[in-house]
1. Return the pair list, or none, for Cβ contacts closer than 9 Å from residues in the range 357-378 that are of a type in the set (S, T, N, Q) to residues that are open to solvent by 80 Å² or more (accessible area, probe 1.4 Å), at least 6 apart or on different chains.
2. Would you mind telling me which numbered condition in (1) closer than 17 Å to Ile350 by Cα; (2) at pLDDT 95 or above Lys224 fails?
3. Of the residues Gly330, Gly362, which is closer than 21 Å to Phe177 by Cβ, modelled with pLDDT of 95 or more and touching a strand residue (DSSP E or B) at 6+ places or on another chain (Cβ under 9 Å)?
4. So, in the range 57-97, exactly how many residues are open to solvent by 40 Å² or more (accessible area, probe 1.4 Å), more than 18 Å from Ser33 (Cβ to Cβ) and in a helix (DSSP H, G or I)?
5. Are any of the residues in the range 246-260 open to solvent by 60 Å² or more (accessible area, probe 1.4 Å), in the same structural domain as Ile350 (by the TED database) and in a helix (DSSP H, G or I)?
6. Any chance you could count how many residues in the range 356-374 are closer than 17 Å to Ala149 by Cα, open to solvent by 50 Å² or more (accessible area, probe 1.4 Å) and not aliphatic (A, V, I, L, M)?
7. Exactly one of these conditions fails for Ile81: (1) touching a Lys or Arg at 6+ places or on another chain (Cβ under 9 Å); (2) hydrophobic (A, V, I, L, M, F, W, C); (3) more than 27 Å from Ala183 (Cβ to Cβ). Give me its number.
8. Within the range 334-355, is even one residue hydroxyl-bearing (Ser, Thr, Tyr), in contact with a strand residue (DSSP E or B) (Cβ under 6 Å, 6 or more places away or on another chain) and surrounded by 15 or more Cβ atoms within 10 Å (Cβ to Cβ)?
Amino acid sequence: MKAIKTLALATAVSALAVAAQAETKIGMITTLSGGGASLGVDTRDGFMLAMENAGRDDVEVVIEDDQRKPATAVQIADQMIQSEKVDILTGIVWSNLAMAVVPSATGQGLFYLSTNAAPAQLAGKGCNPNYFSVSYQNDNLHEAAGAYATSADFKKTFIMAPNYPAGKDSLNGFKRFYKGELAGEIYTKLGQTDYAAELAQVRASGADSVFFFLPGGMGISFLKQYAASGIDLPVVGPAFSFDQGILQAVGDAALGVKNTSQWNKDLDNAANAEFVSGFQEKYGRLPSLYAAQGYDTANLILSALDKADVSDKDAFRAALKEADFASVRGKFSFGPNQHPIQDIYVREVIKEGDIFTNKIIGTSLTDHSDAYAAECKM
């Protein structure tokens, strides 16, 4: 009898050990305070909604605030890798933080799945088998804006973006698909709030339209100052400057503006309907693009974990590449550099009751990938 009990105990201990080994730990580094906090909050909330819906007890998520500081993000990543022993990192909003964290993390054998930032450097020659962008490649929404500006017959567009990796990707992407003339091209300071000098340049440029990429609070400040300036030129931009999280702060100044996105709350598919209603029910607000990307990223990870243990890197990587999950965007697949192939839409800012939001009015680019995939050698 004693031998049987000992055997049973050994079997139980062995099972516990296997279960402990099978548990997956995800480290989320995102911006939860200071400038841009709303972007990180939405990323976190979308991601955790998917995790809650799944009801998994074999996945642990550790969340830390990077305060939009590269040095802080690096410090957190090191702690998560060395002390927390995470298997996967995700959540970074800003491209300069991603460039500080991702190469080191993937170089140490971790998987990094991007919920947002996807700089050109990581899509082309700097690609890595353990790096996946679930959002886009940084240029993509700006390329779609350039294509829209061309179709709208804008002849002389003034373009601007902040001086950091995503800002440079933004203007490069717009110019790649815009066929008109540039009235001006400027880079602003990251985090800038006063745009009087830039607006003076727009006024003097002879522009017939304006394209800008100024995410978060930067976009709020610019649009309010633009509306007050009396400049009456059509505006086009990517979703980041006209997304759900900032439209209420911008108000009437945003009405009618066209912007580009790979997602919107009115996309007609079952996964999106469930996401939008579930997010509103849990958090009491409409979801943003950042929330949608967080939600998709979590569901992609869970779909891969259904097929492979994260410790089997080759099998888990293959499962991620399959993208066998119900995306809120509808059709979704990865290109050869593990960045999305997807449709990108044109949205218009409208008002529904007291809420400013977006509606899809057309498709700008279909089954669109990115300009850097050919440079990726994996």
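The values are calculated or read from the model by the stated rules, or taken from the named source; none is laboratory data. Bear in mind that the values here come from a model prediction, so they are computed numbers and not experimental data. Every residue, glycine as well, gets a Cβ built from its backbone with ideal geometry; the counts of neighbours run over all protein chains shown. Ligands, DNA and RNA are excluded from the accessible area calculation, which covers all protein heavy atoms including side chains. Shrake-Rupley method; radii C 1.70, N 1.55, O 1.52, S 1.80 Å.
1. Final answer for the pair search is Thr357/Lys351; Ser364/Ser151; Ser369/Pro336.
2. For Lys224, the exception is condition (2).
3. On the way: Gly330 fails: closer than 21 Å to Phe177 by Cβ.
One residue alone meets the criteria, Gly362.
4. Final tally of qualifying residues: 2.
5. The first filter runs over the range 246-260 and keeps only residues open to solvent by 60 Å² or more (accessible area, probe 1.4 Å), leaving 248, 252, 255.
The next check asks that each one be in the same structural domain as Ile350 (by the TED database); those that pass are 248, 252, 255.
The next check asks that each one be in a helix (DSSP H, G or I); those that pass are 248, 252.
Looking for residues that are open to solvent by 60 Å² or more (accessible area, probe 1.4 Å), in the same structural domain as Ile350 (by the TED database) and in a helix (DSSP H, G or I), one finds at least one in the range 246-260, hence yes.
6. 2
7. Result: Ile81 fails condition (1) only.
8. Here is the first cut: in the range 334-355, the ones hydroxyl-bearing (Ser, Thr, Tyr) are 345.
Going one step further and asking which of them are in contact with a strand residue (DSSP E or B) (Cβ under 6 Å, 6 or more places away or on another chain), we end up with 345.
Then keep just the ones that are surrounded by 15 or more Cβ atoms within 10 Å (Cβ to Cβ); that gives 345.
So far as the range 334-355 goes, yes, one or more of its residues are hydroxyl-bearing (Ser, Thr, Tyr), in contact with a strand residue (DSSP E or B) (Cβ under 6 Å, 6 or more places away or on another chain) and surrounded by 15 or more Cβ atoms within 10 Å (Cβ to Cβ).
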